[in-house]
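What follows is a short report on a single structure.
The values are calculated or read from the model by the stated rules, or taken from the named source; none is laboratory data. What you see is a predicted model; the values in this text were computed from it and never measured. We place every Cβ from the backbone using ideal geometry, glycine too, and count neighbours over all the protein chains shown.
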Amino acid sequence: MKKSLIVIVAALALSFTAAAQPKAVGLRVGVLDGITYEHYLGGDNFLEANIGAYGWSNGMNFFVDGIYNFMIARPDWTPRGEWGFYAGPGITLGTYRNGDANAFDVGIVGQVGLEYTFWFPLNLSLDLRPRWNFISNVFVPDFFFPCLSVRYAF
């Protein structure tokens, strides 16, 4: 009984802590279009997850990215809202076109970006995200093509 009570209290404390952290969900458009989600961890660092598609001209390719971003700086450029420079490493899983069939792929991504969170629940970010897929041996030079994310911050 005592152990059950400790587990329940710990689970509730963890859920309240997770609920108190800022989050944002929205769309990311550019070379790799998709749905994006940010979850801030205790301090300024945050996890970003994306699911989307690319390669519209040669068949549909899907991807899922997970990135751990470090907040590098928070410049005070405006009296309202909040700016942030961030960068971080991550992994990607997805499919790619191999002849007439789709194949599975895994790789690494890097990200560097600038974001602005308004004083109302809107977050905009512009980022560069190069990726290298191991199995297909494809390097996607996303650093030539920045992507824009528009998120609802809560």
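Computed quantities for the displayed model
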read-out	value
Evaluation of Asn61 against (1) closer than 20 Å to Phe145 by Cα; (2) under 12 Å from the mean Cα position of the chain (by Cα) (one fails), failing number	(2)
Per-region count, the range 96-137, residues modelled with pLDDT under 90, surrounded by 14 or more Cβ atoms within 10 Å (Cβ to Cβ) and assigned to a strand (DSSP E or B)	7
The lone exception for Phe154 - which of (1) surrounded by 13 or more Cβ atoms within 10 Å (Cβ to Cβ); (2) modelled with pLDDT under 95; (3) closer than 15 Å to Val25 by Cα it fails	(1)
